[in-house]
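Notes follow the structure.
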Amino acid sequence: MLSLRSTMDSRLGRGYSVDGGGQHWVLHRADDDRDGIETELRVQVTLGDAEVVPVPEIVQRDTGASRYYLARRVAGTVLRTDIELDAVPVHLRKALGYQFIDSLTSVHGVDLDATGLDRLCADEASLEVHLAQVHESLERAGITARPDLRELFDSLAATIPKSGRSVLRHGDYQLRNVVWQLADAVRVSAVLDWRHATVGDPFVDLGVAQVFWSGLHGVSNRLFGCPSAHRGYPSFDQLIERYSERSGLRTGSTEMSWYYAFGFLVVAARICGSGRPSPPSGTVGHAGVEAVITPLVTRGIAAIEGNILSTASCR
């Protein structure tokens, strides 16, 4: 006998937990044409076959009229809130941080030609295109008239860096999209939520990851935990240094300031809950949105000016 329970997951349309006969699955059903279900399916099936990055196993799918997929539920822990981050044993936190960034390095190291993922997008997601998408998303939310937001957009548009190497880009890399094993040692069991995946500049993933790892430090919100606010987790500077060593890509502070600022803008668009990127699980009222958007924009402006205080960590 099967049991079906809504997970209230707004990541990708309607989400359900399905259980029966000792088996456990997750069912995702798309609600509209912009949900990214085809992208998520293609990436997860390809990576599952390549066995380079751990992803949930897709057991059934339909990209036709029904537009859904069924995946085996990955056992483990997902770290979403500060309470959950604080529950991780202190002696495991450093290893968790390094495995978090090592997993992203593996994503960026996927052989695009060998896997066929070089054809993931008809047009590579350039920084100009991505910036325009975020502007459109915020415009639909009705907040682009803010002077501080216009200042951030203008600064970003005027200083777009020249993209280098193109990689498989996750699009929403943060702790809540990683399943962990945290028994005696730390291990990544799966990387989730590939609906924003594309081929493009790898540093965009680092910019978004920085916001969730340390950039929200001190910002009151109910949706996202901030590892840098807790003792024992590496600083984001340490994660960047490790990423640079493992990937061979230069990630100096001058090069990263634009991506950090852009990361704040991407997250602002997500929290507004309109278009691409789509909102996280949970809801925030108008007052709550304003309370988070304002410091994000302020920190974005500071970031593009080279003032990245938020990469520090609690020791």
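The values are calculated or read from the model by the stated rules, or taken from the named source; none is laboratory data. Computed from a predicted structure; not experimentally measured. As a convention, Cβ positions derive from the backbone with ideal geometry for all residues, glycine included, and neighbour counts pool all protein chains shown. With ligands, DNA and RNA removed, areas are computed over all heavy atoms of the protein, side chains included. Shrake-Rupley method; radii C 1.70, N 1.55, O 1.52, S 1.80 Å.
Of note:
- This model, with +1 at the C-beta of Lys and Arg and -1 at the C-beta of Asp and Glu, gives the stretch 48-111 a dipole about its Cα centre of some 200 debye.
- Considering all C-alpha pairs of the stretch 202-263, those separated by over 20 Å amount to 26%.
- Value of Rg to Rh for the stretch 20-111, rounded to two decimals, is 1.03; Kirkwood radius and Rg both from alpha-carbon coordinates.
- Ordered by 1.4 Å accessible area with all protein chains kept, D148, D113 run largest first as D113, D148.
- With every protein chain in place and a 1.4 angstrom probe, the accessible-area ranking of K162, K94, largest first, reads K162, K94.
- Carbon and sulfur %, accessible surface of the stretch 111-188 computed with the full protein complex present, 1.4 Å: 47
- Per the Debye calculation on the stretch 32-85 with a single equal scatterer at every Cα and no solvent contribution, log₁₀ I(q)/I(0) for q = 0.16, 0.17, 0.30 Å⁻¹ amounts to -0.61, -0.67, -1.16.
- The relative contact order of the stretch 130-240 comes to 20 percent, based on Cα pairs under 8 Å that sit 6 or more residues apart.
- Cα gyration tensor, the stretch 143-215 - rounded (a/c under 1.5), prolate or oblate: prolate
- Once you reduce the stretch 16-65 and the stretch 151-216 to the center of their Cα atoms, the two points are 20 Å from each other.
- For D19, the solvent-accessible surface computed with a 1.4 Å probe is close to 30 Å², ligands and nucleic acids excluded.
- The candidates D62, D205, D86, arranged from most to least accessible area with a 1.4 Å probe in the full protein assembly, appear as D86, D62, D205.
- E57 accessible area, assembled protein chains, probe 1.4 Å, Å²: 100
- Averaged over residues, the count of other Cβ atoms within 10 Å places the peptides 137-145, 226-234 in the sequence 226-234, 137-145, highest first.
- Evaluated with a Cβ-only charge set (Lys, Arg +1; Asp, Glu -1), the stretch 103-173 carries a dipole of roughly 100 debye about its Cα centre, given to the nearest 20.
- Remark: the Cα gyration tensor places the stretch 73-150 in the oblate category, a/c being 1.5 or greater and a/b not exceeding b/c.
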